[in-house]
Amino acid sequence: MRKVLIIMLALAFVLILSACGSDADTEENDYDHIEYDYEPESTPQLTPRPTPVPTPTLQPTPAPTPEPVLEMDTSVIRWLVEPIWEFDAVFDFRGGMAAVEVFESGMHIMGYINNLGEIVIPLEHPHPEPHYAYRGAPTFTYGVAGIFSSNHSGVAFFNANGEQITPFKFGNAHDFSEGLVATLSMDEGSAWRWGFVDTNGNWAILPEFTYATYFSEGLAAVRCDSGWRYERWGFIDTGGEMVVPFQFDVYFFMPAGYVSPRFSYGVAAMWIKDREAEHEYWEGGRLFGHWGLIDRQGNEIAPFIYNYIGDFSEGLAVVTYEHDGDTRQGFIDLEGNVIALPAYCWVGNFSEGLAAVSKGSWPDSRLGFIDRCGNEVIPLQFSGVHSFSEGLAAVSTGWGSDARWGFADRTGNEVVPFQFSSVYSFSEGLAAVSTDWGPDTRWGFIDRTGNEVVPPIFYEVRDFSNGVAAVRLGDWEQGGDNRHWGIIDREGNTVVSVALNEIRNFSEGLAWARQGSKWGILQIVD
């Protein structure tokens, strides 16, 4: 009985639980039909925390380097014109005039300034190339110069007052010499021939030559025949008369450089092609011809056997002679006599009666000096030499950074010991010297006994002229306008403080100087 009661109670409990589960399901289904008026919030995305950036340490802005103050001893040098012009190029004063240029729209535009600082020929004459890059700007040595203008496609002549005295009717013109200037005609019927114009702009010698050069000692070389390789050269006088017939082959670009036939000391070095040679006389970098000397009538005074004859200096000229492939140098005099046999590897021009000569090949070559008779008066014992200047010659022992320079007199005796790494020749009693080597080299000046007059503190110096010398502070790594120039006198006193960006050499007592981008003109006070 008891078991039956327990079973009945268990069944009743199961039925009660079943009823409760059915009601719960009904309630859950009822909730499924309820409409919500909001969207459930999305799960927020976590953003990584940024790594903190360290606050930079502020560096103080360096103070700008102050521009040096320009000071000037006006008892020695003064401004003729203070820096006011922004030119792209300036030229030395010659004949009281200096050319200047600006570069605009691909053209170099030229004008002229006189020695009073006045622009007398305005900058209005353009040229597609830097004016006269090979021979410099036209000069007013005789008060007149020919100036080219692309606007007019020709050359006109101007005087030193800036007045145009001819139309732009010429094709080209050299500088005046002995009152005449070689000029290229563009006149109809002239076939673009050269003649000579006088200082009034008139033809003094009619244009009938294929080329013409400068007058020297009353004679000028002129060319006839066509073709630049096989022309013939002769000489005319200032009246246009033929003095030396067309018979020489010299043309202008030789291995030794730019050559213009001219008389000096009454003689001229000329060149003749080897007539028996079957090849061109300029072939494979070699000339097939020889040099000789002629007098003013065209007579031969030195045979045409030399590979080259240089300019005469103190009445003697360097000659180069080749034999069996061996080239040697020596000297001849004005009569064609051999003074020093062509036995040296190299010779320099005579200066103060002595000429440097060398034998042997580097690094075994040695240099010394010969006199005008060809005698070796200073033995060949140095590794380097300069020409004599003011009675002394710079000479060295050793090579490269090991070289040490000093000065010797005309007998070869040491006057200034071998203690400098580099030197200039003496000028106005002083020579620039340096005691170190490399980009930090500093320069000073010594006197003829070797005593220091100006301490070596400058990065660059120039020779003394008119009692003053330009000097520079600031090394090359600083850049162009961080290097400054000044001027000192022979005692080392500052005449112009080192505050100018550029100083050109003095010419006719005047020198161009640049401060920043502007040019002015310095003048030596008399």
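In table form, for the structure just shown:
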item	result
Per-pair calculated FRET efficiency, R0 = 30 Å: CYS373 and SER401 via Cβ, rounded to 0.05	0.20
Gyration tensor (alpha-carbon) shape descriptor, the range 374-437, a/c threshold 1.5	oblate
Alpha-carbon radius of gyration plus Dmax, which is the widest Cα pair, for the range 410-507 in Å	13.8, 46
Solvent-accessible area, 1.4 Å probe, carbon plus sulfur percent, for the range 301-391	49 percent
Label-point separation in nm, GLN164 to ASN299, each point 7 Å along Cα→Cβ	5.1 nm
Gained length - SER361 relative to GLU322, 0.36 nm times residue gap less alpha-carbon distance	12.4 nm
Length gained when the stretch VAL102-ASP88 is fully extended (0.36 nm per residue, less Cα-Cα span)	4.6 nm
For the range 322-387, projected area of the alpha-carbon convex hull averaged over all directions, nm²	4.7 nm²
Gain in span if fully extended, ASN505 to ASN413, counting 0.36 nm per residue against the direct Cα distance	29.8 nm
Anisotropy class of the range 65-193 from Cα gyration tensor, a/c 1.5 cut	prolate
Shape of the range 151-193, Cα gyration tensor, a/c cut at 1.5	oblate
Förster-model FRET efficiency, 22 Å R0, GLU208 and ILE272, C-beta, rounded to 0.05	0.40
Phi to ³J(HN,Hα) by Karplus 6.51 cos²θ - 1.76 cosθ + 1.60 over the range 262-268, Hz, x for Gly, Pro	7, 8, 8, 6, x, 10, 9
Relative packing of peptides 381-391, 354-364 - highest average C-beta neighbours within 10 Å first	381-391, 354-364
Cα→Cβ-extended label distance, 7 Å offset, between GLU129 and SER260, nm	1.6 nm
Surface per residue (accessible, 1.4 Å probe) for the range 417-505, Å²	44 Å²
Debye equation applied to the C-alpha atoms of the range 354-393, log10 I(q)/I(0) at 0.22, 0.28, 0.36 Å⁻¹	-0.66, -0.95, -1.23
Calculated SAXS-style log₁₀ I(q)/I(0) at q = 0.14, 0.17, 0.20 Å⁻¹ - the range 290-426, Debye, Cα scatterers	-0.66, -0.89, -1.12
Accessible area (Å², per residue) of the range 94-164, counting only protein heavy atoms and a probe of 1.4 Å	44 Å²
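The values are calculated or read from the model by the stated rules, or taken from the named source; none is laboratory data. Predicted model, so just to flag it, every value in this text is computed and none were measured. Cβ coordinates were reconstructed from backbone atoms using ideal geometry, including for glycine residues, and neighbour counts include every protein chain displayed. The protein model used for the area step is the full one, side chains on, heavy atoms only, and it has no ligands, DNA or RNA in it. Shrake-Rupley method; radii C 1.70, N 1.55, O 1.52, S 1.80 Å.
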